[in-house]
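Novice: Just dropping this structure here.
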Amino acid sequence: LGGRGIEHDGGRARVREMSAVAGIGEERQRAGPALLQRGDALDGRMHINDVGQGTWEEVNVGRRGADYGWPSTEGPTSAVGIDAPLLAYRHTASPTLFEGVAIVGAAFYRPPTVNFGTSYVGDYFFADYGAGWVYRLDAAGGYAASVFANVGGFPTNLAVGADGALYV
């Protein structure tokens, strides 16, 4: 299993090449590149990455009985009875911080060894296949989205290693 590890280095993230990743290989082989949801075992949250039909990408909060509006709505909505996304971004001219084409990969940051600092623990990381970046939703900061790393290429999955690195 090959991959790239993202390490946090005093306020900036850096990508390092990996030839083998202990502890995440099995999960990555089972999940494959089409993984769309991740759960946080510690607090029970589940986020669902929704690759949009043609305009929006979404992160939805998973809950029993939720209606995310498909196919009548895509992206931010105030429609009655529809669960609006936690975060949505457009493919072009996005009102959010970023644009992309296909939300992929996801990981809640809860490693046995904290590499990035305790302020990242419990945060949700996701990538965009077409844009080649990794973003962070800050759990303690009202789920504010911010750039974490530009990894280039075409990321398909994320996983947190036992060493505390985020692997792409």
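The values are calculated or read from the model by the stated rules, or taken from the named source; none is laboratory data. Everything quoted here is computed from the prediction, not taken from an experiment. Counting neighbours? That spans all protein chains shown, and the Cβs are built from the backbone with ideal geometry, glycine included. The accessibility values were calculated without ligands, DNA or RNA, using every heavy atom of the protein model including side chains. Shrake-Rupley method; radii C 1.70, N 1.55, O 1.52, S 1.80 Å.
Novice: Looking at the square roots a ≥ b ≥ c of the eigenvalues of the Cα gyration tensor of region 103-168, which shape do they give, rounded for a/c under 1.5, prolate if a/b is larger than b/c, or oblate?
Specialist: Verdict is oblate for region 103-168.
Novice: Further question: According to the square roots a ≥ b ≥ c of the eigenvalues of the Cα gyration tensor, what is the shape class of region 60-156, taking rounded for a/c under 1.5, prolate for a/b larger than b/c otherwise, and oblate for the remainder?
Specialist: Oblate, since a/c reaches 1.5 and b/c is not below a/b.
Novice: Okay, next question. To the nearest 0.05, how large is the calculated FRET efficiency for ARG63 and PHE98 if R₀ is 30 Å and r is the Cβ-Cβ distance?
Specialist: 0.75
Novice: Determine, from the Cβ-Cβ distance of SER146 and THR118 and an R0 of 22 Å, the FRET efficiency 1/(1 + (r/R0)^6), rounded to the nearest 0.05. Write down the numbers at each step before the final one.
Specialist: Values: r = 17 Å, r/R0 = 0.76.
Computed FRET efficiency for SER146 and THR118 comes out at 0.85.
Novice: Here's something else I'd like to know. Quick one: with all protein chains in place, what share of the accessible area of region 27-168 is carbon or sulfur, to the nearest percent (1.4 Å probe)?
Specialist: Looking at region 27-168 in its full context, I get 54 percent from C and S.
Novice: A follow-up question, please. Testing the spin-label approximation: label points 7 Å from Cα along Cα→Cβ at THR77 and VAL51. State their distance in nm.
Specialist: The modelled label-to-label distance comes out at 2.0 nm.
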